[in-house]
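Below is one structure, written out as structure tokens; the observations come after it.
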Amino acid sequence: MTTATARISRPGHATAKPSRNKASRERALAWARRAPLLPALIFLIIVTQLPFVVTLIISFLNWNSLSPGTTGFAGFENYVTVLTDPDLRQAIFTTILLTVAVVLASLVIGLGLALLLDKKFIGRGLARTLLIAPFLVVPVAAALIWKHALLNPTYGLINGVLTWTWSLFGSDTPPQLDLLSQAPLMAVIISLVWQWTPFMMLILLAGLQSRPMDTVEAAQMDGATPWAIFRHLTLPHLRQYLELGGLLGAIYIVQNFDAVFTLTSGGLGTANLPYAIYQTFYYANEYGLASAAGVVVVIGTILVATFALRTVFSLFKKEAAR
Amino acid sequence: MSTLSPAAARTTPEKSSAPAVVRRRGKSRMDPTRNNTAAGITAWLLALLFATPVLWMILTSFHSETDAATNPPSVAANLTLDAYKEFFGEASGVSPWPSLINSATASILSTVLVLALAIPAAYALSIRPVKKWTDVMFFFLSTKMMPVVAAILPLYLFAKTVGALDNIWFLILMYTSMNLPIAVWMMRSFLAEVPVEMLEAAQIDGANLILTLRKVIAPVAMPGIAATALICFIFSWNELLLARVLTGVVAGTAPVFLTGFVSSQGLFLAKVCAAAVVISLPVLFAGFAAQDKLVQGLSLGAVK
């Protein structure tokens, strides 16, 4: 880190001339350097760190705003409830399943698309633009479209296309799906994969385009098959981009609220932790319980983020050393 | 951006195509032209598949309600602006304008605030870096990794106590804190691109800080500032959870307005689509404008 700092250091670093008040001048200079940073830093600490500390405190309280008389210290009671209550435990499980499924599926599809878009073909720019579109629809709007215009069992596009296709072959008994009531979690997963695949594609495309082509050319000269090149050159190079995409995707998707809220309103086992917490404090007024669940989410995110930080850091170090 | 921007990277594969002519003779399976046609067709089919929900949303928004909710779908039905008229309240009386204005206010003002805080911070982290600047960077990043739900109850209680519930200014502060870490990361990576030689030259010429900022740093950083602003705007415009908890009747944003359609039935399908189109338009424009920088923003500046 020190070498990186030194490398990036700009002139001005050495402008402090030796003088009688060298120490105090250096201190003043250090503060002059820090000054532009402080507003942002202080603002962020107050607005994000302080509330979390309060959440931590409330999580140890027995606090339901509807029955103020019973407020008091609860110890780990709320945490025990979070981990044993069937609904909240289900929410933890749903959060993990949802996150893992969406991240993996969108990574795999995104990788495929990035490999295709890395090649040159007619209208590549337009195809790329079309592929980004899902990511640029407001998340609530996207979820509404999936709920009403695509997945609706009676007039949604998916069943409509099935009806139309079957009628082409003279059948009036097409198969009709009702994902929203039969496999609601699947509906949420599909809509999120649709929305997040472009993100993965963009990250992986950036990775592919930063690939040093000379080694690929050398491998081609030596007669390596495209698969061997992909397996031994492309994939290792993409590894950190795959990790970055996966971990950032995980951080965003763990927090997903919009899709769950809109598509299923948390019904039928689709409530993830953010939605469950929202319900617990907003409707059930169980402040202590909601806070404990919030702390559990943070612990989970820290576990993921520790790896994320490491990945981002390795990319970051590269950049700093450039 | 250096070598990794899509525009610059494009040249790399092209350079390799010259010797490929020689290779092609011996190994037909390496034929790049055949490969690319197949890849192109596949990519186009997948692109259309991915864009279908968006295109269908747009098409349905121009259909009448009876044409919108049919099975099989009535693709070729007459186009009409009825759904948009209905959405903008000519018939229903519930106008989306206040929520659209709230969203615009919250997104634009929080973006301005973010830039005002992030640009000096990024300067202190790249041009004249403070000691342990990497640690500071990671602190910023770690705040972004904390889920909103983990802080929302105290924020709600605080807003309720001081009477800031349903107040757009409180939401603006929240959006500022939400976007600040990303903005600092992005801005730092843009400012780090200011060539050291140029800063040295400016110093030798005796330029003061203001002049250096204006003549040397601003021209290089301007596109980056624009991209950062667009991305902060998009995130604020899209946000639902904070807006839903912290606002209500007066300060409700466009996404909160959209949640009014969650339980809508087929009778309003065209209107739902029109609403989704109108509310997504600013993001679609901003997103396409910031395409290349979008991924950099979302990946916290780690990927260029």
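The values are calculated or read from the model by the stated rules, or taken from the named source; none is laboratory data. As the structure is a computational prediction, the values presented were derived from the model and not from experiment. Positions of Cβ are generated from backbone atoms using ideal geometry, with glycine treated the same way; all protein chains shown enter the neighbour counts. Quick note on the areas: whole protein, heavy atoms, side chains included, nothing else; ligands and nucleic acids left out. Shrake-Rupley method; radii C 1.70, N 1.55, O 1.52, S 1.80 Å.
Counting only DSSP H runs of at least 4 residues, each contributing -39500 (n - 2.57), and dividing by the residue count of chain A, the helix-based mean residue ellipticity at 222 nm comes to -21500 deg cm²/dmol. Under a straight-distance cross-link criterion of Cα-Cα below 16 Å, which aspartates and glutamates are reachable from A:Lys119, leaving out those fewer than 8 residues away in the same chain? Result set, ordered by chain and number: A:Glu217, B:Glu14, B:Asp31.
Dividing the convex hull volume of the alpha carbon atoms of the stretch B:84-143 by its residue count, what do you get in Å³ per residue?
Numbers: hull volume 6.2 nm³, N = 60.
So the per-residue hull volume is 104 Å³.
Estimate the FRET efficiency between B:Leu81 and A:Leu168 by the formula 1/(1 + (r/R0)^6), using the beta-carbon distance for r and 25 Å for R0, to the nearest 0.05.
For B:Leu81 and A:Leu168, the calculated efficiency is 0.20.
Over the stretch A:119-170, with a single point scatterer placed on each C-alpha, what log10 of the ratio I(q)/I(0) does the Debye formula yield at q = 0.22, 0.24, 0.27, 0.31 1/Å? Debye curve over Cα of the stretch A:119-170, log10 I(q)/I(0) at q = 0.22, 0.24, 0.27, 0.31 Å⁻¹: -0.82, -0.84, -0.91, -1.04. One Cα centroid belongs to the stretch A:26-83, the other to the stretch B:175-225; the line between them spans 33 Å. Just checking the listed ones, A:Lys119, A:Lys22, A:Lys147: in the Gaussian network model of chain A with Cα springs under 10 Å, the one fluctuating most is A:Lys22. On the principal axes of its alpha-carbon atoms, the stretch B:193-254 has extents of 58, 18, 13 Å, going from largest to smallest. Computed with a 1.4 angstrom probe on protein heavy atoms, the A-B interface buries about 10800 square angstrom of accessible area in total.
Membrane-span-like helices in chain A, defined purely by DSSP H runs whose alpha carbon atoms cover 15 Å or more axially and whose average Kyte-Doolittle hydropathy reaches 0.5, are A:86-117, A:124-136, A:157-168, A:184-209, A:235-254, A:287-321. Computed from phi, the 3J(HN,Hα) profile of the stretch B:137-143 under the Karplus parametrisation 6.51, -1.76, 1.60 (θ = phi - 60°) reads 4, 6, 5, 4, 4, 5, 5 Hz, with x in place of Gly and Pro. Remark: the protein assembly as shown carries a charge dipole of roughly 2900 debye about the Cα centre, counting +1 on each Lys and Arg Cβ and -1 on each Asp and Glu Cβ.
Within 10 Å of each Cβ in A:253-261, how many Cβ atoms from other chains are there, averaged over the peptide? Walk me through the numbers before you get to the answer.
Values: counts 0, 3, 7, 2, 9, 8, 0, 0, 5.
The mean count of partner-chain Cβ atoms within 10 Å per residue comes to 4.
Taking all protein chains together and a 1.4 Å probe, the residues B:Met222, B:Met57 rank B:Met222, B:Met57 from largest to smallest accessible area.
Just subtract the alpha-carbon distance of A:Leu50 and A:Ser265 from 0.36 nm times their residue separation and send over the number in nm, one decimal. Kindly include the intermediate steps, with their values, before the conclusion.
Numbers: separation 215, 0.36 × 215 = 77.40 nm, distance 3.01 nm.
Full-extension gain reported as 74.4 nm.
The 1.4 Å probe gives accessible areas that order B:Lys293, B:Lys215, largest first, as B:Lys215, B:Lys293. Taken along the Cα-to-beta-carbon direction at a fixed 7 Å, the label points for A:Asp178 and B:Leu211 span 7.6 nm.
Pop the C-beta distance of B:Glu197 and A:Arg239 into the FRET formula with R0 = 51 Å and round what comes out to the nearest 0.05. Present the calculation step by step, with values, prior to reporting the outcome.
Numbers: r = 34 Å, r/R0 = 0.67.
Efficiency computed from Cβ-Cβ geometry: 0.90.
Could you compute the net charge surrounding B:Val283? Neighbours are other residues with a C-beta less than 15 Å from the C-beta of B:Val283; K and R count +1, D and E count -1.
Net charge in that neighbourhood comes out at -1.
Mind listing which trypsin sites (Lys or Arg not before Pro) in the stretch B:129-181 are in a DSSP loop and have 15 or fewer other Cβ atoms within 10 Å?
Values: sites: B:Lys131, B:Lys132, B:Lys144, B:Lys160; in loops: B:Lys131, B:Lys132.
Hits after loop and neighbour filter: B:Lys131, B:Lys132.
Within the shell of other residues whose beta carbon sits under 11 angstrom from the beta carbon of A:Leu208, the net charge comes to +1, with Lys and Arg scored +1 and Asp and Glu -1. For B:Thr247, the residues whose modelled amide H falls within less than 5 Å of its own, excluding neighbours fewer than 5 places apart on the same chain, are B:Asp166. A straight line joining the Cα centroids of the stretch B:236-258 and the stretch B:37-84 runs 28 Å.
Local charge sum around A:Tyr283 (other residues, Cβ-Cβ under 14 Å, Lys/Arg +1, Asp/Glu -1)? Intermediate results must be reported in sequence, preceding the final value.
Numbers: positive: B:Arg244; negative: A:Asp87, A:Glu286.
Cβ neighbours under 14 Å give a net charge of -1.
What percent do you get for the relative contact order of chain A when only Cα pairs under 8 Å and 6+ apart count?
Values: 328 pairs, mean separation 90.7, N = 322.
About 28 percent, as a whole number.
In this structure B:Val249 has an accessible area near 140 Å², from a 1.4 Å probe over the protein heavy atoms.
Close amide H contacts of A:Leu61 (hydrogens built in the peptide plane, cut-off under 5 Å, sequence separation of 5 or more or a different chain): A:Ala74.
Across the stretch B:78-204, C-alpha contacts under 8 Å between residues 6 or more apart give a mean separation that, scaled by the residue count, equals a relative contact order of 37 percent. Of interest is the spacing of the C-alpha centroids, which for the stretch A:110-188 and the stretch A:244-295 amounts to 25 Å.
In µm²/s, what is D for the stretch A:121-242 at 10 °C and 1.306 mPa s, where D = kT/(6 pi eta Rh) by Stokes-Einstein and Rh is the Kirkwood radius from Cα pairs? Walk me through the numbers on the way to the answer.
Details: Rh = 17.9 Å.
D, rounded to a whole number, is 89 µm²/s.
Projected onto their three principal axes, the Cα atoms of the protein assembly as shown cover extents of 90, 85, 49 Å, largest first.
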